[in-house]
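**Student:** Next up is a structure, given as structure tokens.
No value in this document is a laboratory result; all are computed from the given coordinates. Not measured: the values here are computed from a predicted model. Note: ideal-geometry Cβ built from the backbone for every residue, glycine included; neighbour counts use all protein chains shown.
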Amino acid sequence: QVQLVESGGGLVQAGGSLRLSCAASGRTFSRYAMGWFRQAPGKKREFVAAITWSGGRTYYADSVKGRFTISRDNAKSTLYLQMNSLEPGDTAVYYCASSQVVPTTTPLTYDYWGQGTQVTVSS
């Protein structure tokens, strides 16, 4: 089993930046592909970004490409999401998740989830 705890959310003005972290414990973090998802009120959970176990490949939703960067530090068992040029449409609860298969955009393929961290972008 893997325990995931997100942090780094908060309130920021449009155009600002935030860095989310996801600390993992339990089974070997480096064996898992990891992803970030987000869910706004009244909307379905949507894919944001994903990264392979080695960090060698990354994937992004079109809506965040060029603004967000996913990365991981396997020595620290931590996943990151650097978010720049934030927009009000980025407001959501952000979740990290782990997958035993290759990273995908589908929430169902992820096994373990954190509790989420709120990101609010004001205009």
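**Student:** Based on the alpha-carbon set only, what is the convex hull volume of the range 32-96 divided per residue, in Å³?
**Tutor:** Per-residue hull volume (Cα only) is 81 Å³.
**Student:** Which value, in debye to the nearest 20, gives the size of the charge dipole of the chain about its Cα centre, when Lys and Arg are +1 and Asp and Glu are -1 at the Cβ?
**Tutor:** Computed charge dipole of the chain: roughly 180 debye.
**Student:** Shifting gears a bit: Report the FRET efficiency, 1/(1 + (r/R0)^6), for Glu87 and Leu108, where r is their Cβ-Cβ distance and R0 is 22 Å, rounded to 0.05.
**Tutor:** 0.20
**Student:** Enumerate by residue number the trypsin sites (Lys or Arg not before Pro) in the range 1-49 meeting two conditions: DSSP loop (anything except H, G, I, E, B), and at most 13 other Cβ atoms within 10 Å of the site's Cβ.
**Tutor:** Lys43, Lys44
**Student:** A further question follows. Near Met83, within a Cβ-to-Cβ distance under 9 Å, what is the net charge of the other residues, with Lys and Arg +1 and Asp and Glu -1?
**Tutor:** It works out to a net charge of +1.
**Student:** Further question on the same structure: Please report, largest first and rounded to whole Å, the three semi-axes of the ellipsoid equivalent to the chain, where each semi-axis is the square root of five times an eigenvalue of the C-alpha gyration tensor.
**Tutor:** Taking √(5λ) for each eigenvalue gives 22, 14, 14 Å, largest first.
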